[in-house]
Every structure is written in C-alpha cells, then in structure tokens.
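Structure, as structure tokens:
FYI, it's all coordinate maths here, none of it is from the lab. Quick caveat, the model's predicted, so the values are computed rather than measured. No Cβ is skipped: glycine too gets one built from the backbone with ideal geometry, and neighbour counts run over all protein chains shown.
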Amino acid sequence: MMSITTRSLARSRAFAVSGSAVILALALAACGSSDDPSMSGMHHGHKPSASASASQDSSTGDMPDMARAADGNGLADNKDGYRLASPDTTLKAGKPTPYRFVITDPDGTAVTDFALDQTKRMHFYAIRSDLTGFQHLHPAMASDGTWTAALASLAPGSWRMFASFSPDSGSGKGKDFVMSRTVTVPGAAARTPLPAVADSTQVDGYTLTVSGQPTAGTAQPLAVRITKDGKAVTDLQPYLDTYAHLTAFHEGDAAFAHLHPTTSSGKGSSTLSFHAELGTPGDWRLFLQFRTGGKLHTAALTLHAG
Ligand SMILES: [Cu+2]
C-alpha cells in the first residue's frame, strides 16, 4: 500500500524531554512498499527529502518525486546502479567475526567517498531472520573502499546485513541508500519466537513505555516514555548527534525501517522528532538505543502495524 501522502501527515512530531518525563514522539508513516531507499534513511538529515523530518513545520510538500517514495525496506543489494558486494556469504558462529563489504558505483568502481551522516559515513546493522541478535555498528573503511564491520558473536542461522550510506560524489551524491545481503552462519539454528506485542519493555533498569498505535499506510505518532525506578529519565546523553536511535525490522522478511529523531535543544527541554516507515502490516521488532552515564542501552519491543 502506498502511503506517500502520509509523509506530510507524519510531520508533527514532538520529542519532549521535560523535567518530568522523556517522551519520544515518533511518527510512523507507512512507506515500506515505496521505491526510494532514501525514504528509509530518514536519519540522513542532509538529504532534501529527509529534511522534512528535521523541520518543525513539515506541511510543505517538499517531495518532488513522490512516486519514488516507496521501497525503503532495504532488502535489495542494489539501487540506482549502486551495489553492496561482499565476499562473506558464510560467517562462523560463536565468536566475533569481521564482515567485509564494498559499495560499488554504476561503473562498478568501489565507492570511497561517503557523506557524514549522524557523525558516521556508514551505518551497519545485522539482524537474524527471527529478528534476534540486533547489532548496530560503524564499520571502518580501507583506502580501497573495503569496509569491515566488526561483528560480535553471531548465533547460527540466517542473517541479514544492512548498509546505510550516502555517496558524496558521483550520480548517487546526496542520495541515501540502504541495502542488504544475507549471510549464513552454520550450526544448529533454533528459531526464537517473536516476543508478543507489548507496550513496554525494560533494559538495564530502564522501563520504556510506548503509547500510540502504528497503522500501516497511515502516519501515527508513537510516544516512548523512559523511566527508571518509576521516575522519568532526565539524563539522556547524545548518541550519534541525537538522543535516541530507532531501528525496526518487519517479522518475516526483516524489512528495514530506520528512525532518528531530529533534535533541537532549548532551555531545559529538548525536542526530538522521528519519522518511521512502517509500510508493511504485521509485527515489527523495534530497537531503541539511547545513552545515559556514558553507556549505550538497547531496548527492544514488538509493535504491531495494522
Ligand atoms: Cu549508525
């Protein structure tokens, strides 16, 4: 289902860090069937089409190419002539392991020029087919364009490796891409059932409570409140230039959705905005990363998009 029109609806979001509560307001649009990988890279604030998410008032129709606004699901390994290539189709289980890859341009040449996004030139995600094992890494690039993601130990099974980037030269300059490839980790693979849909979850002593009901095909705000010992958290620290980082994967195909809040800090309060692309109905596993006391926390929650 197309949901281009929902983009403009997804624009009133607020992230309020008030004295009493931390509210992450997410706007969940449904563009997962769309065709523009940039739509899934909403955190790429340098991209014009993503600028709406950085705008307080996004009522303007700033998507000149609405027809392309589909398919941000990241399941393909190529787009617009660019390609994610890797020699690593099988990785060993049970120990830290590197995953090597290269991004090639339409000429087949390795791309070495990438734009900074959220302080990084490459964002990398690993997820097992049952949506366990989430890893969010920032790989290092060799001078020849070969990236190496230093993966933590992988459980046996089928994995999907996502690269999210924006070339800084060539025909892809200014575009946001998300691509993925699968990797097999040999061994006895036990499938973990997706945890039930819930409106709260806990991590490291923090409780995250979600309110709002995302609906595929429409924009729905989703608020996440972070508390500890019953009290609202007020000591969120910046992580990748923002106060929270949200990634989501769709059950079944591991389609990708990515949200970064846009932050504007004021006296005693911050406002973060999210824009999500949950285009496919079904259950999504959300991974919300935030930082306090110098430590990164990753909470997970199953959300249903009807
Ligand atoms: Cu990242």
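Tell me, what HN-Hα J-couplings in whole Hz come from the Karplus equation 6.51 cos²θ - 1.76 cosθ + 1.60 at θ = phi - 60° for each residue of the range 133-142, using x for Gly and Pro?
x, 3, 9, 10, 10, 10, x, 9, 10, 7
Mark the label point 7 Å from the Cα of Thr148 along Cα→Cβ and return the residues of the range 76-109 whose backbone N is within less than 12 Å of it.
From the range 76-109, the list is 97-101.
If each residue's Cβ is checked for other Cβ atoms within 10 Å, how do Leu240, Leu208 rank with the fewest at the top? It would help to have the intermediate numbers written out before the result.
Details: Leu240 19, Leu208 24.
Fewest to most other Cβ atoms nearby, the residues stand as Leu240, Leu208.
May I ask you to derive the FRET efficiency for Thr184 and Asp229 from their Cβ-Cβ distance with R0 = 41 Å, giving the value to the nearest 0.05?
Details: r = 43 Å, r/R0 = 1.05.
Plugging the Cβ-Cβ distance into 1/(1 + (r/R0)^6) gives 0.45.
Taking the number of other C-beta atoms within 10 Å as the exposure measure, put Thr132, Thr242 in order starting with the fewest. Walk me through the numbers on the way to the answer.
Numbers: Thr132 18, Thr242 26.
The fewest-first ordering by Cβ neighbours comes to Thr132, Thr242.
Hey, got a sec? Which trypsin sites (Lys or Arg not before Pro) in the range 147-183 land in a DSSP loop and have at most 16 other Cβ atoms within 10 Å? Kindly include the intermediate steps, with their values, before the conclusion.
On the way: sites: Arg160, Lys173, Lys175, Arg181; in loops: Lys173, Lys175.
Counting only loop positions with at most 16 other Cβ atoms within 10 Å, the trypsin sites (Lys or Arg not before Pro) in the range 147-183 are Lys173.
Residue-wise, which Karplus ³J(HN,Hα) couplings in Hz belong to the range 287-295, taking 6.51 cos²θ - 1.76 cosθ + 1.60, θ = phi - 60°, and x for glycine or proline?
Result, ordered by residue: 10, 10, 10, 8, 10, 9, x, x, 10 Hz.
His297's amide H: which non-local residues (gap 5+, or another chain) put their own amide H closer than 5 Å, with H modeled 1.01 Å from N in plane and none for Pro or chain starts?
Phe290, Arg291, Thr292
Show me, for the range 186-192, the HN-Hα J-couplings you get by feeding each phi into the Karplus relation (A = 6.51, B = -1.76, C = 1.60, θ = phi - 60°), rounded to Hz, glycine and proline as x.
For the range 186-192, the Karplus curve yields x, x, 6, 9, 9, 7, 8 Hz.
Which value in nm describes the separation of the simple spin-label points at Ala93 and Lys173, placed 7 Å from the Cα toward the beta carbon?
Label-label distance for Ala93 and Lys173, simple model: 4.7 nm.
At 4 °C and 1.567 mPa s, grab the translational diffusion coefficient of the range 99-243 from Stokes-Einstein with a Kirkwood Rh over Cα pairs, rounded to a whole number in µm² per second. Please report the intermediate quantities before stating the final value.
On the way: Rh = 18.1 Å.
Answer from the Stokes-Einstein relation: 71 µm²/s.
If you place +1 on the Cβ of every Lys and Arg, -1 on the Cβ of every Asp and Glu, and leave all else neutral, what size is the dipole of the range 110-243 about its Cα centre, to the nearest 20 Debye? Please report the intermediate quantities before stating the final value.
Details: 11 positive and 11 negative charges, 57 e Å.
Once rounded to the nearest 20, the dipole reads 280 debye.
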